Amino acid sequence: MSVLKAFLVAGMFFLISGCSKQNDNDIPRVGNYATVPFSTGYIGNRAVYWIGKEAVYLTEDSQKAAGRGIFILDNDIYVSGYLGADPCYWKNGTIHLLPTNGKSGVARSIYVINNKIYVAGVINHDQTSNAAMWVDDKLTILDEGPSVSMGADISVSNGSVYVAGYTMLDGHLRACIWKNGVLQLMPFKTDDNPNSKNDGSTSEGIFTDKKDVYITGQEYHWNVSETAAYWKGNKLVYLENNVGAAVGESIFKRESDIYVCGYQYSEIQRAAYWKNNRIKLLSNHPSEARAIVAGKDHVYIVGNEFANGVQMATSWIDGQVFHMSEEESEAYDVKLGRIWVNF
């Protein structure tokens, strides 16, 4: 069965099982089983996840909410995000508020393994924001003190917990990971120009396998626009970009191929992705690619596209565009899951 057909008719299904993290190697292609994208974001003021194009609302319209991260494991669907000022996650539609020590926050990413629920995000207070991690609802502030930091994405590999994000160092934002709570700064190109005080880097996405850790984000320098990049361990790799600025937001590795999505900016901001460092633009409209995952046969990307005066949650499958809502909306994350499609 065509995966595009399964995507379009995904309302006619029941859920069979999910994939751990971002890989569908263990999914047998038999019968009418189909692998489809599960994504999350918001429509209007309501947190939502989508199975294919079918929206499942997590909240009512009484206060602003959004899903920021999604994870599929067996028959369970986990979504992290926020409700009002509170970081939270939903398991199969049931909300769990996360502790914040009386502050506000956002749960940006979620990972589930060995019956433990790992969440990364940020705690906000006054003029500060602090990278945070929750393990089974227990809060750990990763970056204490008056600073600007973010826990943007989380992964667990070989018994270690990795949070990708950024922290402030000597007035510079610096891309980093926290491995089991210990800060590791990513390599950063510096020079002696006095304007370099404005230089910095950030990271937004992480992928781990049994051997390596990959994160993606950007560098910015006093004389250069934002430069999309990824780090494999401590090795910094700049991504192809011939015009303007570019930013990487999500990274995925399948076999020997490395995929990054984000956006390129010249006259307008346009969603883009890179496969093995080669860029491909996804839209001619103002847009942004937020998350990417590669299955056996297809590449799935979600984000937003501005068209007809509205920002719409958008999915690209092998570059083919689908709007998941015609209302004000956005999709932030995508993983793969298996469904049985009834025709």
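Rundown of residues vs (1) farther than 13 Å from S39 by Cα; (2) surrounded by fewer than 24 Cβ atoms within 10 Å (Cβ to Cβ); (3) out of contact with any strand residue (DSSP E or B) (no Cβ under 9 Å at 6 or more places or on another chain), yes/no style:
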residue: E305; (1), (2), (3): yes, no, no
residue: I317; (1), (2), (3): no, yes, no
residue: V321; (1), (2), (3): yes, yes, no
residue: A331; (1), (2), (3): no, no, no
residue: K335; (1), (2), (3): no, no, no
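Looking at A55, A85, A47, which one is modelled with pLDDT of 95 or more and farther than 24 Å from A132 by Cβ? Sole residue among the options that is modelled with pLDDT of 95 or more and farther than 24 Å from A132 by Cβ: A55. For the criterion of being over 22 Å from I251 (Cβ atoms) and buried (at least 20 other Cβ atoms within 10 Å of the Cβ), I339 passes.
Within the set V112, V122, the sole residue that is in contact with a Phe, Trp or Tyr (Cβ under 6 Å, 6 or more places away or on another chain) and modelled with pLDDT of 95 or more turns out to be V112. Does any residue of region 163-180 turn out to be modelled with pLDDT under 95, part of a strand (DSSP E or B), within 15 Å of W231 (Cα to Cα) and of a type in the set (D, E, K, R)? The answer is yes; a qualifying residue exists.
For region 64-99, filtering for residues that are buried (at least 19 other Cβ atoms within 10 Å of the Cβ) and β-branched (V, I, T) leaves 4. What's the total number of residues in region 34-44 that are modelled with pLDDT of 95 or more, surrounded by fewer than 23 Cβ atoms within 10 Å (Cβ to Cβ) and either within 20 Å of V293 (Cα to Cα) or of a type in the set (F, W, Y) (or both)? Adding up the residues that qualify gives 0.
Of the residues making up region 125-162, just one is more than 24 Å from I70 (Cβ to Cβ), assigned to a strand (DSSP E or B) and hydroxyl-bearing (S, T, Y), namely T128.
Do we find that Y78 is free of Cβ contacts under 8 Å to residues at least 60 places away in the same chain, over 27 Å from S160 (Cβ atoms) and of a type in the set (F, W, Y) in this structure? Criteria not met by Y78. Count of region 218-263 residues, restricted to those that are within 22 Å of G303 (Cα to Cα), in a loop (DSSP other than H, G, I, E, B) and not charged (D, E, K, R), is 4. In summary, P146 fulfils each of the numbered conditions (1) at pLDDT 95 or above; (2) surrounded by fewer than 21 Cβ atoms within 10 Å (Cβ to Cβ) with the single exception of condition (1). When the strands (runs of 3 or more DSSP E) confined to region 266-343 are screened for residues that are hydrophobic (A, V, I, L, M, F, W, C) and over 16 Å from the mean Cα position of the chain (by Cα), those reaching at least 3 such residues are found at 310-317, 329-341. Restricting attention to region 85-108, the residues that are part of a strand (DSSP E or B) and in contact with a Ser or Thr (Cβ under 6 Å, 6 or more places away or on another chain) total 2.
For region 235-255, a tally of residues being of a type outside the set (A, V, I, L, M, F, W, C), more than 16 Å from the chain's Cα centre (by Cα) and within 17 Å of T202 (Cβ to Cβ) returns 2.
Looking at this structure, is V135 surrounded by 20 or more Cβ atoms within 10 Å (Cβ to Cβ), of a type outside the set (D, E) and free of Cβ contacts under 8 Å to residues at least 60 places away in the same chain? When the stated conditions are applied, V135 does not pass them.
The values are calculated or read from the model by the stated rules, or taken from the named source; none is laboratory data. The shown structure was predicted, so the numbers you read here are calculated from the model rather than taken from an experiment. No Cβ is skipped: glycine too gets one built from the backbone with ideal geometry, and neighbour counts run over all protein chains shown.
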